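Please read the structure below before turning to the comments.
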Amino acid sequence: MKTIDTTRYFIIKEVKKTTSQLMEECRKLFKIYSYYDDAILDKDFPVPKKLTVRYFKKTVEADGDLANKSADDLKKEGIEGITLRERVLMEIQYFKETGNHLDVENVTLCSGSRGSGGGVPRVNWDAGSRKVYFYWSYPSDSYSPLRARAEVSKPCDLKPVFDTLIKELL
């Protein structure tokens with residue numbers, strides 16, 4: 001079986017923890033600011049009914065080719081963006097690997113999620129306050145630093161590994 005090149009991809013495996021539990025894990029590792037309280041996190045961004053594994057480019061900054069595209073634009077283009085839960089898991093994974101944070105110059109638009117009011121979560125590191133910020137944008141917001149992270153199609157050389165990971169989830 002071929003192995004996954006973890007230098008090229010974040011492999012984000014959903015877990016059965018609530019979103020507020022994931023945020024608590026963040027709080028134990030580093031300072032955060034969250035617009036969302038625990039009740040809203042768990043209501044608006046629940047544990048998925050089906051746990052999945054998704055791949056994203058392993059870059060500090062969100063996808064530059066998706067700059068200036070709103071969540072509305074991405075939806076129209078059929079681009080599968082990262083969810084808030086996946087972005088939280090990604091931050092935890094990256095911090096544990098490196099001791100550093102993602103999105104130090106830009107902001108990840110979590111276009112795969114929507115709050116109950118229609119807002120789209122966004123996440124970034126703020127060097128001034130030394131916190132990871134979990135906030136939101138309007139679905140129509142677009143500007144250069146606001147960028148989604150698109151799911152990477154599973155490369156064919158990863159199929160055996162992906163199949164094994166899916167079996168582990170079942």
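The values are calculated or read from the model by the stated rules, or taken from the named source; none is laboratory data. What you see is a predicted model; the values in this text were computed from it and never measured. Note that each Cβ is placed from the backbone with ideal geometry, even for glycine, and that neighbours are counted across all protein chains shown. In case anyone asks, the SASA skips ligands and DNA or RNA and just uses the protein heavy atoms, side chains included. Shrake-Rupley method; radii C 1.70, N 1.55, O 1.52, S 1.80 Å.
Some points to look at:
- In the chain, helical runs assigned H by DSSP with n ≥ 4 each contribute -39500 (n - 2.57); averaged across all residues and rounded to the nearest 500, the mean residue ellipticity at 222 nm is -8500 deg cm²/dmol.
- Loop-resident sites, the range 85-149, for GluC sites (Glu not before Pro), counting at most 11 other Cβ within 10 Å (DSSP): Glu105
- The share of C-alpha pairs in the range 47-142 whose separation exceeds 23 Å stands at 22 percent.
- The range 3-80 - percent of accessible surface contributed by carbon and sulfur, probe 1.4 Å: 52
- [x] 15.8, 49; [y] 15.3, 45; [z] 19.2, 71, with the label sought being that of the calculated Rg and Dmax of the Cα atoms in Å: [y]
- Choice from Pro145, Pro48, Pro121 with maximal GNM fluctuation in the chain (Cα, 10 Å cutoff): Pro48
- Accessible-area value, Asp73, 1.4 Å probe, nucleic acids and ligands omitted, Å²: 50
- Gaussian network model of the chain, Cα within-10 Å springs - most flexible of Asn106, Asn68, Asn124: Asn68
- Assigned charges on the beta-carbon of Lys, Arg, Asp, Glu; the range 17-89 dipole about Cα centre (debye): 300
- Accessible area in square angstrom per residue, the range 1-71, 1.4 angstrom probe: 57
- Modelled FRET efficiency - R0 30 Å, Glu80 with Val47, Cβ distances, 0.05 increments: 0.95
- Loop-located trypsin sites (Lys or Arg not before Pro) in the range 67-160 whose Cβ has at most 15 other Cβ within 10 Å (DSSP): Arg130
- Of the chymotrypsin sites (Phe, Trp or Tyr not before Pro) found in the range 27-83, those in coil by DSSP whose Cβ has at most 16 other Cβ atoms within 10 Å are Phe30, Tyr35.
- The dipole here belongs to the chain: it is taken about the Cα centre, uses +1 on the Cβ of Lys and Arg and -1 on the Cβ of Asp and Glu, and is about 420 debye.
- Surface analysis of the range 89-152 yields an accessible area of 42 Å² per residue, using protein heavy atoms and a 1.4 Å probe.
- Pairs beyond 27 Å (Cα-Cα), from Lys43/Lys75; Lys50/Lys131; Lys43/Lys131: Lys50/Lys131
- Within the range 66-105: backbone nitrogen closer than 16 Å to the Ala127 label point (7 Å, Cα to C-beta): 100-105
- Rg/Rh for the range 1-73, where both radii come from Cα atoms and Rh is the Kirkwood radius: 1.01
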